[in-house]
Amino acid sequence: MDFCLSSVIRNAKQILKLQSVDISRNQSDVPRGHFAVYVGDIERKRFVVPISYLNHPSFQDLLHQAEEEFGFDHPTGVLTIPCKEETFVDLASRLNHL
């Protein structure tokens, strides 16, 4: 079971073009029709996801969590979602299959 779950997470990360970067990284590597989001509480990972995610209620719930946690004036100025990386990868994987 652990092997299967690890494989699913690894594949989902590839689909999402997971990039682990510093918060200060240049934003020019985000393709048209996508946006960057940082996920995690302490160690943040950067994901580049399609704008279409913004239409899905599950993703909107994550955005509401971010609003409650950080408000609209986040100290780093980037969109940060305060959830576990695995939770975000699972959600993104499901959204990719819709």
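Could you check segment 41-58 and list, in sequence order, the residues that are hydrophobic (A, V, I, L, M, F, W, C) and open to solvent by 50 Å² or more (accessible area, probe 1.4 Å)? Even if it seems obvious, please write down each step before you answer.
Step one: of segment 41-58, the residues hydrophobic (A, V, I, L, M, F, W, C) are 42, 47-49, 51, 54.
Scanning segment 41-58 gives 42, 51, 54.
The set of residues in segment 59-92 being in contact (Cβ under 8 Å) with a residue 60 or more places away in the chain and either open to solvent by 50 Å² or more (accessible area, probe 1.4 Å) or not in a helix (DSSP H, G or I) (or both) consists of 86, 90.
Considering only segment 12-33, I want to know if a residue exists there that is among the charged types (D, E, K, R), modelled with pLDDT of 80 or more and outside any loop (DSSP other than H, G, I, E, B).
We begin by selecting, within segment 12-33, every residue among the charged types (D, E, K, R); these are 13, 17, 22, 25, 29, 32.
Still in the list and also modelled with pLDDT of 80 or more: 29, 32.
Then drop every residue that is not outside any loop (DSSP other than H, G, I, E, B), which leaves 29.
There is at least one residue in segment 12-33 that is among the charged types (D, E, K, R), modelled with pLDDT of 80 or more and outside any loop (DSSP other than H, G, I, E, B).
The values are calculated or read from the model by the stated rules, or taken from the named source; none is laboratory data. Because the structure is a prediction, the values reported are computed rather than measured. Positions of Cβ are backbone-derived with ideal geometry, glycine not excepted, and every protein chain shown enters the neighbour counts. Keep in mind that these areas ignore ligands, DNA and RNA; they rest on the heavy atoms of the full protein, side chains included. Shrake-Rupley method; radii C 1.70, N 1.55, O 1.52, S 1.80 Å.
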